[in-house]
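Report on the following structure.
The values are calculated or read from the model by the stated rules, or taken from the named source; none is laboratory data. Everything numeric in this text was worked out from a predicted model, so none of it was measured. Heads up, the Cβs are rebuilt from the backbone with ideal geometry, glycines too, and the neighbour counts pull from every protein chain shown.
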Amino acid sequence: MPSSSFTTTASDVFETGKYKAALRRVEASATQPPSSSSCAPADPPPKPLLIAFPAEDAGEFPVLVFLHGYLLYNSFYSQLIRHVSSHGFVVVAPQLYTVAGPDTTDEINSAAATTNWLPRGLADLLPPQVRPNLAKLAVAGHSRGGKAAFALALGKSTTPLALPFSALLGIDPVDGMDKGKQTPPPVLTYVPRSFDLDMPVMVVGSGLGEIRKNPLFPACAPRGVNHADFFAECRPPVCYFVAEKYGHLDMLDDETEGLRGKATYCLCKNGRAREPMRRFVGGVVVAFLRAHLEGDDVGLMGLRDDGHKVAPVELQKVEFLL
């Protein structure tokens, strides 16, 4: 059996898992230095990567591709992806861009290219005893990255996917500024249960995301283009969680450095602290991946039945369509 196989409960997903998770940064092919070195990957990825993986245990582990939010750095999710990895997953977080306009086409195609690179290069970047299982592959994204994840799963990339995804996760996904002001290419159709997705889906929302921080800035997850609208278009099987008193960026690291890092505290309505929301998001991601990649649904069904009791945040909504 793979070393990641063990039973998950409804509460232990919110705690650090049994694996010691490590992080590795990898430069993209276009950013490699002119002179090659022994530590440079033989087949560098199309985009810079932050990879979280179980560092010390031997085994075969499922893989999650995680797409960052608008104008955010993948490093801002270090604590979140390490939490997920500590439960027996390899998490690959590409830096899709550093500057971008409203059109998401390039980042969707970059996410597709990164996914297609995984069979060629991922194993070489991991310890020899850590084997990525690309037959168990999921995609997740936060904010605009959530939109990109849905777009990728819906086949909207012009770069054809060489690998199929087995599960899709939207972490407070956002499809623009407002209904009728979606960023191209639009994902939401406003037709209930219209997403033609041959995979299970989880949508996680923030209760404060649709509230403005102040009158000078729009809400970070506006009504009409946020998690509620994505959930409304998902067909079963889909599960839906909304954390009531937490904001759109509250799953980021406690410390996000630089100008962009400081801006994450200023632009969106926030909860009292990031740690509870980050632990909640990490936990539901683990439970969902366990259920749909590993066949262990004990944790996910436990959250359906007792999520209000065991979650580290107050839940505004828990809904499952099976």
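Quick notes
- Filtering 283, 224 for residues that are on the phi > 0 side of the Ramachandran plot and at pLDDT 95 or above leaves a single hit, 224.
- Test: residue in region 195-206 that is surrounded by fewer than 24 Cβ atoms within 10 Å (Cβ to Cβ) and closer than 23 Å to residue 102 by Cβ: yes
- Flag if residue 176 is assigned to a loop (DSSP other than H, G, I, E, B), on the phi > 0 side of the Ramachandran plot and in contact (Cβ under 8 Å) with a residue 24 or more places away in the chain: yes
Conditions (1) closer than 26 Å to residue 294 by Cβ; (2) of a type outside the set (A, V, I, L, M, F, W, C); (3) at pLDDT below 95, marked per residue:
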site: 1; (1), (2), (3): yes, no, yes
site: 6; (1), (2), (3): yes, no, yes
site: 29; (1), (2), (3): no, yes, yes
site: 39; (1), (2), (3): no, no, yes
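- None of 218, 192 is at pLDDT below 95 and either part of a loop (DSSP other than H, G, I, E, B) or among the β-branched types (Val, Ile, Thr) (or both) except 218.
- When region 120-170 is filtered for residues that are of a type in the set (A, V, I, L, M, F, W, C), more than 16 Å from residue 66 (Cα to Cα) and in a strand (DSSP E or B), the ones remaining, listed by number, are 130, 135.
- The selection criterion, being at pLDDT 95 or above, within 22 Å of residue 293 (Cα to Cα), in a helix (DSSP H, G or I) and not aromatic (Phe, Trp, Tyr), holds for residue 116.
- Residue check for residue 232: assigned to a helix (DSSP H, G or I) and either within 23 Å of residue 108 (Cβ to Cβ) or of a type in the set (Asp, Glu) (or both): yes
- Residues in region 87-124 that are surrounded by fewer than 21 Cβ atoms within 10 Å (Cβ to Cβ), touching a residue at least 60 places away in the same chain (Cβ under 8 Å) and of a type in the set (Gly, Ala, Ser): 2 in all.
- Considering only residues in region 58-79 that are part of a helix (DSSP H, G or I) and in contact with a strand residue (DSSP E or B) (Cβ under 8 Å, 6 or more places away or on another chain), the one that is surrounded by the most Cβ atoms within 10 Å (Cβ to Cβ) turns out to be 77.
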